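Read through the structure below, which is laid out as structure tokens, and then see the notes.
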2 protein chains.
Amino acid sequence: VPSLPEPITALTAALSKLPGIGPRSAERIALHIVQSEKLVAENVARALIHAREKISLCDICGGLTERQPCDFCSDPRRDHSLICLVERAVDVFSIEKSGVFRGTYHVLGGKISPLNGVEPEDLRIAELERRCASEGVKEIIIALPSDVEGDATSFYLGKLLSPRGVKMSRIAHGIPVGSGLEFADELTLSRAMEGRRELL
Amino acid sequence: VPSLPEPITALTAALSKLPGIGPRSAERIALHIVQSEKLVAENVARALIHAREKISLCDICGGLTERQPCDFCSDPRRDHSLICLVERAVDVFSIEKSGVFRGTYHVLGGKISPLNGVEPEDLRIAELERRCASEGVKEIIIALPSDVEGDATSFYLGKLLSPRGVKMSRIAHGIPVGSGLEFADELTLSRAMEGRRELL
């Protein structure tokens with residue numbers, strides 16, 4: 001049985017590896033691409049390469065940025081003694097949208113999860129310790145998800161950094177348990193920030 | 001309010017122009033791309049350009065192909081006196097999957113629809129007339145959708161080509177009205193092929 005030409009099935013395969021794109025919608029996009037103006041394929045290809053080349057992780061906070069250090073870490077109007085700790089780089093922009101936070105950020109890059117082979121040394125914890133030592137950090141607000149790994153990671157960090165005189169807190173519940181920061185509305189995020197409690 | 005860096009929002013915008021990708025899933029893909037290995041972005045970009053460059057429309061039938069003429073039009077084992085007429089290039093592969101058709105294809109590129117500004121001269125009708133004259137075409141099976149425009153287009157083609165001695169038929173109902181060929185299962189497509197009726 002003849003099937004679609006190889007360049008189309010190859011494009012379908014490449015697209016279906018992206019998050020949220022199934023084989024059916026990948027094929028639909030591939031067929032759209034080969035039957036559209038050349039510019040359509042070129043624009044998407046260029047945007048992919050451009051984004052991947054221009055965006056790196058901030059050397060200080062680990063957030064997504066076009067320059068080193070990132071806009072947050074290089075902004076003198078922000079409170080550099082206050083750090084909001086998030087799991088993923090995207091989470092920074094969820095917090096920013098709420099407009100209630102004027103400190104800086106630190107992206108952990110995951111949660112401690114021995115079952116999944118994620119140990120403390122796999123996360124950006126050493127970088128956080130370094131910042132606490134060199135930047136005069138007074139307070140860390142932990143905005144990790146409220147699940148088992150998030151709780152364990154928060155507990156671990158509390159035990160690690162509280163003894164060094166850093167005030168540690170977690171954002172208040174208000175964000176649905178097991179749900180990610182990106183699903184919370186701005187008001188819920190504001191409440192969660194305001195209602196934070198000291199960890200130890 | 002700081003938002004995501006420009007290369008990410010640009011990629012999100014480019015992706016959300018593709019069929020079936022909303023702004024939310026476009027952003028999710030963009031964030032995945034900038035945080036994945038460089039190879040991920042490069043593979044998708046390369047597949048996009050490759051597919052768009054390698055795939056063209058067959059000079060004879062208008063189907064998607066890597067070479068001129070396409071595999072169907074250049075296959076001596078297929079019956080070149082029998083043409084299956086479809087609306088879109090994708091439809092060829094829907095018919096092929098059923099395995100019941102051994103003739104060649106002709107892609108019309110749309111349906112006559114004066115309300116949408118699609119006149120007969122906007123479709124590949126002249127090419128079909130030329131094939132009837134030069135290729136010894138004895139029969140055309142029309143596999144256009146069974147909607148108003150599909151009916152009007154079939155009627156127009158019947159009036160145009162029947163007087164020239166070409167046997168014209170339409171695939172039988174069996175495909176749900178208003179639905180496209182790609183949603184039909186192989187059995188439904190086989191039944192529709194077998195139950196075709198002469199047009200005029």
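I need the full set of residues from region B:12-36 which are among the aliphatic types (A, V, I, L, M) and crowded, with 16+ Cβ neighbours inside 10 Å, in order please.
B:14, B:15, B:18, B:21, B:26, B:29, B:30, B:31, B:33, B:34 - these are the residues of region B:12-36 that are among the aliphatic types (A, V, I, L, M) and crowded, with 16+ Cβ neighbours inside 10 Å.
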Review point. Which of the residues spanning region B:134-161 are in a helix (DSSP H, G or I), under 18 Å from residue B:103 (Cβ atoms) and modelled with pLDDT under 90?
Key: B:134
Practice item. Mind listing whichever residues of region B:85-115 are over 14 Å from residue B:180 (Cα atoms) and without any contact (Cβ under 8 Å) to a residue 24 or more places away in the chain? Key: B:96, B:114, B:115
Review point. Which of the residues that make up region A:37-77 are open to solvent by 60 Å² or more (accessible area, probe 1.4 Å), at the interface with another protein chain (Cβ under 8 Å from one of its Cβ atoms) and basic (Lys, Arg)?
Key: A:38, A:46, A:54
Study note, to complete from the structure: Within region B:13-25, of all residues that are in a helix (DSSP H, G or I) and at pLDDT below 95, the one farthest from the other protein chains (Cβ to nearest Cβ) is B:23
Practice item. Considering each of A:131, A:164 in turn, give the residue that is at pLDDT 90 or above and surrounded by fewer than 19 Cβ atoms within 10 Å (Cβ to Cβ). Key: A:164
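The values are calculated or read from the model by the stated rules, or taken from the named source; none is laboratory data. Everything quoted here is computed from the prediction, not taken from an experiment. Note: ideal-geometry Cβ built from the backbone for every residue, glycine included; neighbour counts use all protein chains shown. The area values use the complete protein model at the heavy-atom level, side chains included, leaving out ligands, DNA and RNA. Shrake-Rupley method; radii C 1.70, N 1.55, O 1.52, S 1.80 Å.
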